[in-house]
1. Hey, can you tell me all the residues within segment 16-25 that are more than 16 Å from Pro53 (Cβ to Cβ) and more than 10 Å from the ligand (Cβ to nearest atom)?
2. Among the residues of segment 31-45, is there at least one that is in a loop (DSSP other than H, G, I, E, B), surrounded by fewer than 14 Cβ atoms within 10 Å (Cβ to Cβ) and without any contact (Cβ under 8 Å) to a residue 40 or more places away in the chain?
3. Quick one: which of Ile64, Ile38, Ile52, Ile60 is away from the ligand (no atom under 14 Å from the Cβ) and among the aliphatic types (A, V, I, L, M)?
4. Any chance segment 2-15 includes a residue that's among the aliphatic types (A, V, I, L, M), within 15 Å of the ligand (Cβ to nearest atom), on the phi < 0 side of the Ramachandran plot and out of contact with any Ser or Thr (no Cβ under 6 Å at 6 or more places or on another chain)?
Amino acid sequence: MVFGFGRKKKFEFQCSSIGMNCGFEIKNASTEDELMEILKIHAKKAHGLNEIPQDVINKIRQNIKKV
Ligand SMILES: [Zn+2]
């Protein structure tokens, strides 16, 4: 995906934005896919989720901020 010249968008996400009692946040991911990869590792370590359920993935995608 191309965002134009020079200024690149960054992707941010906070666990608390999907109702998790968790202070984890991701900042400065370059792509949504990169953010999801980081989040999968976090979900496994912090939330004991080997796989993130599809409905949670949908929620996450709705709450990703592009800055
Ligand atoms: Zn979390």
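1. Matches in segment 16-25: Ser17 only.
2. Yes, some residue in segment 31-45 is in a loop (DSSP other than H, G, I, E, B), surrounded by fewer than 14 Cβ atoms within 10 Å (Cβ to Cβ) and without any contact (Cβ under 8 Å) to a residue 40 or more places away in the chain.
3. Answer to the selection: Ile64.
4. Checked against the condition, which is being among the aliphatic types (A, V, I, L, M), within 15 Å of the ligand (Cβ to nearest atom), on the phi < 0 side of the Ramachandran plot and out of contact with any Ser or Thr (no Cβ under 6 Å at 6 or more places or on another chain), segment 2-15 yields no hits at all.
Coordinate-derived values only; no laboratory data. In this text the structure is predicted, and so the values were computed from the model without any measurement. FYI the Cβ positions are ideal-geometry reconstructions off the backbone, even for glycines, and counts take in every protein chain you see.
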